[in-house]
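The values are calculated or read from the model by the stated rules, or taken from the named source; none is laboratory data. Fair warning: this is a prediction, and the values are worked out from it, not measured in the lab. Note: ideal-geometry Cβ built from the backbone for every residue, glycine included; neighbour counts use all protein chains shown.
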Amino acid sequence: MTFTRRNLFALAATASFAATLAGLGLPVHAAMAADDTVKIGMIQPMTGPFASTGVEAVAGAKQYIADHGDTVAGKKIELVVKDDTGSPNETKRIAQELVVNEGADVLMGFGLTPLAFATAPIASQAKVPMVVTAAATSSITEKSPYIVRTSFTLPQASSAMGEWAAANGIKSVVTLVSDYAPGKDAQDWFVKTFEDKGGKVVEQLTVPLKNPDFSPFLQRVADNKPDAVFVFVPAGVGAQFMKQFRERGLGDAGIKLIGTGDVVDDQIVNDMGDVALGVVSAHHYTAALPSDMNQKFVKDFKAANGGMRPNFMAVGAYDGMALVYHALEKTGGDASGEALIEAMKGLSWESPRGPVSIDPDTRDMVQNIYIDRTEKKDGELYNVPIDTVENVKDPAKAAK
Ligand code: DHB
């Protein structure tokens with residue numbers, strides 16, 4: 001039997017509420033968060049192949065609380081972290097438990113697209129805001145009117161890369177992406193923008209998401225002898241990709257590596273070695289952004305996390321918390337789902353990534369996309385911004 005939060009609140013008004021909950025085997029005290037507390041249930045892969053996403057995101061959310069305190073608009077913020085191991089069934093089950101049994105006011109996280117897709121119906125049924133801080137397939141925000149996203153969309157980053165490549169002497173490209181929804185978004189939007197500007201995509205390769213062996217695909221790239229290979233793999237996976245890219249000698253053969261920033265994410269780029277030098281990527285965040293706000297963020301985050309550098313997953317979650325705080329300020333502490341979602345639409349603030357706002361029509365972020373070149377800076381590898389495309393909306397939705 002499925003109970004929505006709304007059902008529970010309706011039941012709460014009846015004398016039989018406790019008996020009903022007891023009958024369901026639910027502890028009565030745990031059914032709703034206390035009135036003066038706003039409970040944020042953060043679901044992330046904390047173990048398994050995508051654990052790097054969860055580790056960065058949880059640290060990002062905690063950094064926001066450290067910077068801004070745990071009270072907003074008279075409400076105490078309670079962050080509860082759950083590990084879904086990267087399995088969609090787990091994400092959905094945990095989301096349901098958080099909403100029904102633990103009285104979560106907001107769901108947050110969603111490290112991969114399939115995890116966000118699986119949970120969207122729970123947000124709709126329960127009328128609870130679902131803040132997506134990581135997953136980046138364009139269509140995610142269309143799966144429920146309760147979804148708001150603080151990460152990015154692959155079309156935002158890939159279209160900027162397509163334009164940059166065409167404008168900077170690259171004429172032929174092979175695309176190589178992970179074989180699931182964000183990979184398809186990345187491929188489609190790179191191909192579209194690059195070819196619209198006169199470039200030629202000579203082959204489009206898709207690589208399994210789980211346990212990828214890139215070698216045969218890199219051989220295909222080498223055989224094509226393109227000017228560049230455009231790559232999308234999810235956060236963390238770039239380490240394995242770069243190792244095989246070096247072993248195959250593609251860089252030595254004069255094939256440039258371009259991509260969305262996921263392949264050289266800030267958690268792993270410094271361990272990649274010289275093979276990463278000169279990679280050009282497009283993304284909404286790089287730890288090398290020079291603003292005072294970002295430099296303070298990087299310094300504090302590293303100090304709190306044993307030297308780990310914040311990557312775009314950390315910033316996505318930092319801004320997920322910013323979104324909830326600003327929305328609560330706007331509602332005067334009203335944490336009901338409808339009020340929070342309405343308050344979130346159109347919000348704008350300054351993030352370590354630069355100025356951001358929530359597009360009220362799509363519930364996606366409008367933000368700068370930076371073109372970064374991987375360079376050595378103070379003895380470490382960083383994705384250094386060389387160009388900025390300002391205030392980018394999700395082009396996939398603009399096109400509809
Ligand atoms: C997705 C996951 C990632 O780790 C990433 O870098 C981009 C997108 C996703 O599954 O949507």
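Tell me, which residue of the stretch 127-140 that is away from the ligand (no atom under 12 Å from the Cβ) and surrounded by 24 or more Cβ atoms within 10 Å (Cβ to Cβ) is farthest from Val356 (Cα to Cα)? Among those that are away from the ligand (no atom under 12 Å from the Cβ) and surrounded by 24 or more Cβ atoms within 10 Å (Cβ to Cβ), it is Val128.
When Ala120 is tested against (1) farther than 28 Å from Val356 by Cα; (2) free of Cβ contacts under 8 Å to residues at least 60 places away in the same chain, just one condition goes unmet, and that condition is (1).
Okay, residues lined up against (1) touching a Cys at 6+ places or on another chain (Cβ under 6 Å); (2) free of Cβ contacts under 8 Å to residues at least 24 places away in the same chain; (3) not in a loop (DSSP other than H, G, I, E, B):
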residue	(1), (2), (3)
Ile258	no, no, yes
Leu289	no, no, no
Phe301	no, no, yes
Arg309	no, no, no
Ala339	no, yes, yes
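The set of residues in the stretch 258-274 being touching a Phe, Trp or Tyr at 6+ places or on another chain (Cβ under 9 Å) and either at pLDDT below 95 or surrounded by fewer than 18 Cβ atoms within 10 Å (Cβ to Cβ) (or both) consists of Asn270 alone. Kindly check whether there is at least one residue in the stretch 118-126 that is within 16 Å of the ligand (Cβ to nearest atom) and surrounded by 24 or more Cβ atoms within 10 Å (Cβ to Cβ). There is at least one residue in the stretch 118-126 that is within 16 Å of the ligand (Cβ to nearest atom) and surrounded by 24 or more Cβ atoms within 10 Å (Cβ to Cβ). All conditions but one from (1) surrounded by fewer than 24 Cβ atoms within 10 Å (Cβ to Cβ); (2) under 28 Å from Thr175 (Cα atoms); (3) within 18 Å of the chain's Cα centre (by Cα) apply to Ile255; the one that does not is (3). In the stretch 275-285 there is no residue matching the filter, namely being away from the ligand (no atom under 16 Å from the Cβ), of a type in the set (Ser, Thr, Tyr) and within 19 Å of the chain's Cα centre (by Cα).
Within the option set Leu209, Leu115, Leu154, being within 12 Å of the ligand (Cβ to nearest atom), of a type outside the set (Ser, Thr, Tyr), in contact with a helix residue (DSSP H, G or I) (Cβ under 9 Å, 6 or more places away or on another chain) and over 29 Å from His326 (Cβ atoms) holds for one residue only, Leu209. Has the stretch 173-192 got any residue that is more than 18 Å from Gly238 (Cα to Cα), buried (at least 21 other Cβ atoms within 10 Å of the Cβ) and hydroxyl-bearing (Ser, Thr, Tyr)? Looking through the stretch 173-192, none of the residues is more than 18 Å from Gly238 (Cα to Cα), buried (at least 21 other Cβ atoms within 10 Å of the Cβ) and hydroxyl-bearing (Ser, Thr, Tyr).
You will find that of Phe230, Phe241, the residue that is under 29 Å from the mean Cα position of the chain (by Cα), touching a residue at least 24 places away in the same chain (Cβ under 8 Å), more than 20 Å from Gly199 (Cβ to Cβ) and within 16 Å of the ligand (Cβ to nearest atom) is Phe241 and no other.
Using the structure shown, decide if Ser357 is more than 16 Å from the ligand (Cβ to nearest atom), in contact with a strand residue (DSSP E or B) (Cβ under 9 Å, 6 or more places away or on another chain) and of a type in the set (Ser, Thr, Tyr).
For Ser357, the condition - more than 16 Å from the ligand (Cβ to nearest atom), in contact with a strand residue (DSSP E or B) (Cβ under 9 Å, 6 or more places away or on another chain) and of a type in the set (Ser, Thr, Tyr) - is met.
Taking first residues from the stretch 168-182 that are within 17 Å of Asp213 (Cβ to Cβ) and part of a loop (DSSP other than H, G, I, E, B) and partners that are within 16 Å of the ligand (Cβ to nearest atom) and of a type in the set (Ser, Thr, Tyr), the Cβ contacts under 9 Å between residues at least 6 apart in sequence or on separate chains come to Asp179/Thr206; Tyr180/Thr113; Tyr180/Thr137; Tyr180/Thr206.
For the stretch 219-239, enumerate the residues that are not acidic (Asp, Glu) and not in a loop (DSSP other than H, G, I, E, B). Those that are not acidic (Asp, Glu) and not in a loop (DSSP other than H, G, I, E, B): Gln219, Arg220, Val221, Ala222, Asn224, Ala228, Val229, Phe230, Val231, Phe232, Gly238, Ala239. Of everything listed in (1) within 16 Å of the ligand (Cβ to nearest atom); (2) at pLDDT below 95; (3) farther than 19 Å from Ser52 by Cβ, the single unmet condition for Gly249 is (1). The residues of the stretch 125-143 that are part of a helix (DSSP H, G or I), of a type in the set (S, T, N, Q) and over 19 Å from Ala327 (Cα atoms), listed by number, are Gln125, Ser138, Ser139.
If we keep just the residues of the stretch 92-112 that are within 16 Å of the ligand (Cβ to nearest atom) and touching a Phe, Trp or Tyr at 6+ places or on another chain (Cβ under 7 Å), which is nearest to Met321 (Cα to Cα)? That would be Gly111.
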